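The values are calculated or read from the model by the stated rules, or taken from the named source; none is laboratory data. Just so it is clear, the structure is predicted and the values come from calculations on it, not from any experiment. Cβ placement follows ideal geometry from the backbone for every residue including glycine, while neighbour counts extend to all protein chains displayed.
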Amino acid sequence: MTITLHQGDITKLEVDVIVNAANSSLLGGGGVDGAIHRAGGEEILAACRKIRARQGGCPTGEAVITTGGKLPARYVVHTVGPVWQGGASEEAELLARCYRRALELAEGVEARRVAFPNISTGVYGYPKEQAARVAWSAVRDFRATHLREVVFVCFDAENFSVYERLISEE
Ligand code: AR6
């Protein structure tokens, strides 16, 4: 499985699965979540509502999968990252679990290419360098079956330079 880097808007990517940094309501929000629901249309929200009715939202560190609606991606995995509270509230473990659970769900639909945003590094306040190290090792340690490529999509310049440094350290 190769790991690649992309700077830009995750909603534009033609991959099998894009991952959404959602909240536990699964009903949408700002940031990448807002962008995905805007671009993907009503079908995604309808699928999220069904999941909510069945299981009552999504806990932090867990993930659910829906259609990609009108997006170029076939599926969206919605995962709920931890809110940064200083680092002593299991944030790293919860963030790593988001990446692992998303990859497991992607494997379940036999995805070959999956794209991740920088989960928790916006509104949820996770320090970018620390989040990137957690994301990187969770993805690198994952035992893939169908997956061939994981794309880290960096929207902001700071995340992009953090990931460029991580790739060069490999
Ligand atoms: N494509 C890729 N990345 C993006 C895009 C985009 N179109 N837009 C923003 N980002 P955030 P969180 C990056 O705040 O911190 C929502 O309201 C952004 O630069 O979207 O996990 C949810 O509903 C940042 O690096 O997610 C939750 O309530 C990264 O996406 C809450 O925010 C994550 O920023 C989740 O907070």
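Couple of notes before you dig in:
- Checklist (1) in contact (Cβ under 8 Å) with a residue 12 or more places away in the chain; (2) more than 15 Å from the chain's Cα centre (by Cα); (3) away from the ligand (no atom under 14 Å from the Cβ) applied to Glu91, failing item: (3)
- Filtered residues of segment 125-166 (kept if β-branched (Val, Ile, Thr) and within 16 Å of Gln7 (Cα to Cα)): Val150, Val151, Val153, Val162
- Considering (1) closer than 22 Å to Cys154 by Cβ; (2) basic (Lys, Arg); (3) part of a loop (DSSP other than H, G, I, E, B), the lone condition that Arg38 does not fulfil carries the number (3).
- Test: residue in segment 36-57 that is under 13 Å from the mean Cα position of the chain (by Cα), buried (at least 18 other Cβ atoms within 10 Å of the Cβ) and modelled with pLDDT of 95 or more: yes
- Segment 142-170 residues that are of a type in the set (Asp, Glu), paired with ones that are modelled with pLDDT of 95 or more (beta carbon under 6 Å, 6 or more apart): Glu149/Thr2; Glu149/Arg113; Glu158/Lys128
- Test: residue in segment 19-31 that is modelled with pLDDT of 95 or more, away from the ligand (no atom under 12 Å from the Cβ) and not β-branched (Val, Ile, Thr): no
- Filter result (within 16 Å of the ligand (Cβ to nearest atom) and farther than 22 Å from Glu169 by Cα) within segment 111-159: Arg113, Val114, Ser120, Gly122, Val123, Tyr124, Gly125
- Of all the criteria given as (1) within 14 Å of the chain's Cα centre (by Cα); (2) within 15 Å of Ile119 (Cβ to Cβ), the one not satisfied by Gly30 is (1).
- Subset tally (residues that are over 24 Å from Ala39 (Cα atoms), out of contact with any strand residue (DSSP E or B) (no Cβ under 8 Å at 6 or more places or on another chain) and of a type outside the set (A, V, I, L, M)) for segment 56-103: 12
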